[in-house]
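Everything below concerns the one structure shown next.
The values are calculated or read from the model by the stated rules, or taken from the named source; none is laboratory data. Worth saying up front: this structure is predicted, and the values here are computed from it rather than measured. Don't worry about glycine lacking a Cβ; one is built from the backbone with ideal geometry, like all the others, and counts go over all protein chains shown. Ligands, DNA and RNA are excluded from the accessible area calculation, which covers all protein heavy atoms including side chains. Shrake-Rupley method; radii C 1.70, N 1.55, O 1.52, S 1.80 Å.
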Amino acid sequence: TEKHIDWNFYIEKCREENIELYNLLYDKIGLLNESMNKGNDAIKNIPNVVALCHNDMDSKNVMWNKDEYKLIDLECLDYSNPYLELFELALCWSGYEKCNINFDLFKTFINSYIENTNLDMNINWENIYYSNNGRLEWLEYNLKRALLIECSSEEEQKIGINEVKETIDHVVYYDKVKDSILKNLQF
């Protein structure tokens, strides 16, 4: 879905209430707006396919017992775009969360998926790249926490501040490795 986040509002609010976050965000407004706008354009052009997807299958949501596994945390299970799910999983399982993608793992994950699906992989991966901008919603949610817009506890505010810092690192890293990501999606 399209995102319409007023980054100027949050940055100005940070300037008034949390100078540390202001200093972290003010020079990134161009990147935030560009990511949001390109994501809004790209989401309209991804393949119109839906499948049952977990939508939150990072490593902590897979429980292993020897060679057997169980998927947990099914609250996000829904019909979604499998291309986005594949892309997000490949990023997550190859090191994106630590801002250090291992592109051998990334490529292996994608290739394993290709071997086990009948989805057409001859698609515009740049549209998938830009459509993957849920971290912008996560950033907004945590800015609201950090600025006490949608929470009232100091503990939750501290969590929000830490999440803003971590998420902005992810936004910057994601932009920095765009060319490498897309290069590894050429088949």
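Under 6 Å between Cβ atoms, at least 6 apart or on separate chains: pull out the pairs that start in region 14-29 with a residue that is among the hydroxyl-bearing types (Ser, Thr, Tyr) and end on any residue that is open to solvent by less than 100 Å² (accessible area, probe 1.4 Å).
That search, which allows pairs on different chains as well, returns Tyr22/Cys14; Tyr26/Ile11.
Mind listing just one residue for me: the one in region 99-112 that is without any contact (Cβ under 8 Å) to a residue 40 or more places away in the chain and outside any helix (DSSP H, G or I) and, of those, surrounded by the most Cβ atoms within 10 Å (Cβ to Cβ)?
Asn102
Looking only at region 1-44, how many residues end up being open to solvent by 100 Å² or more (accessible area, probe 1.4 Å) and in a loop (DSSP other than H, G, I, E, B)?
The qualifying residues number 3.
Kindly evaluate Lys60 against the criterion of being outside any helix (DSSP H, G or I) and surrounded by fewer than 11 Cβ atoms within 10 Å (Cβ to Cβ).
Criteria not met by Lys60.
Of the conditions (1) of a type in the set (Ser, Thr, Tyr); (2) closer than 23 Å to Asn48 by Cα; (3) open to solvent by less than 50 Å² (accessible area, probe 1.4 Å), Tyr96 fails just one. Which one is it?
Exception for Tyr96: condition (2).
Looking only at region 37-58, filter to residues that are more than 17 Å from Tyr79 (Cα to Cα) and acidic (Asp, Glu); which one of those is modelled with the highest pLDDT?
Filtering region 37-58 for residues that are more than 17 Å from Tyr79 (Cα to Cα) and acidic (Asp, Glu), the one modelled with the highest pLDDT comes out as Asp41.
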